[in-house]
Amino acid sequence: MDALYLSLAWSILGFTAFSAWQGALPPFARYFSWAVPAGVIAAATLYRGLASGVARAAVGAGTCLLLVLPVAQLMARALPLVPEPAPLSIVAAAFLPPDVPDASWMRGQVDAYEAIARYLDAQPAGITTLVDASVGGTDLLLFLKSRHAVVTTGDEDFLERLRAPIGRVDQILVPRPTFDALGRSDVLRLHPRLYDGAEPWAVLEHEFPSGRGWRLYRVVQP
């Protein structure tokens, strides 16, 4: 049983390390949730297999230290970015990803989704928009009234339309290519030059500066 637990733990840690090596690792605040459970399983299995009380104490103390230090470091980096007074600032710092410029980035996400939804809903009926749900497109759907006009990552023909969008979709919503988005977005992975307007078949339709800095590109014949 211990071997099975260790295999599970090291498979998770190995997946995390492989993702980092591939350059597809999301921000630390997110993959931290993969590495911590795996590390705890590995440490618990090691703890159970030790007979010496001193060795057990060392494993326990080391595990606690490794759990506390990264969280404290993340919070220390995020705390100056939060303008609210304590204790609200402390709570916000615990959830603020370390790669964002300030706390307003997270609050701006909701504003951005509302702005995008209003823009898309105001467009004529029949326009099809491709949205990458892996970087927030799912949240956008909560604000949209015209769900039928949106193609998301969950649709079975999403990748087919994304690889050859001409004639298959009318427009594509693209997030700013941050480290987080580059690691998760299929749009940026298949069309890395799209956000900068370097694709001949895409014309900038509208830009939404808040949140992820989304840009809406109209798909045209080059």
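The values are calculated or read from the model by the stated rules, or taken from the named source; none is laboratory data. Keep in mind that what you see is a predicted model, and the values were worked out from it rather than measured. Neighbour counts run over all protein chains shown; Cβ positions are idealised from the backbone, glycine included. Each accessible area value is taken on the protein alone, full model and side chains, heavy atoms only, with ligands, DNA and RNA left out. Shrake-Rupley method; radii C 1.70, N 1.55, O 1.52, S 1.80 Å.
Extents of segment 139-190, taken as max minus min of Cα coordinates on every principal axis and listed largest first, are 30, 27, 18 Å. Rolling a 1.4 Å sphere over the protein heavy atoms, what is the accessible area per residue of segment 151-194, to the nearest Å²? That works out to 48 Å² per residue. Just the number, please: carbon plus sulfur as a percent of the accessible area of segment 173-222, 1.4 Å probe, no ligands or DNA/RNA counted. Using a 1.4 Å probe with all protein chains present, segment 173-222 comes out at 53 percent carbon and sulfur. Charges were assigned to the Cβ only: +1 to each Lys and Arg, -1 to each Asp and Glu. The resulting dipole of segment 157-206 about its Cα centre is roughly 140 debye. As a rough guide to protection, the peptides 162-170, 186-194 ranked by mean Cβ packing within 10 Å, highest first, stand as 186-194, 162-170. Here's how it looks for His206: its modeled amide H is under 5 Å from those of Leu216, which are all 5 or more places away or on a different chain. Dividing the C-alpha radius of gyration of segment 125-222 by 2.2 N^0.38 Å, with N its residue count, gives 0.97.
Relative to the Cα centre, the charge distribution of segment 122-222, modelled as +1 at Lys and Arg Cβ and -1 at Asp and Glu Cβ, gives a dipole magnitude of about 100 debye.
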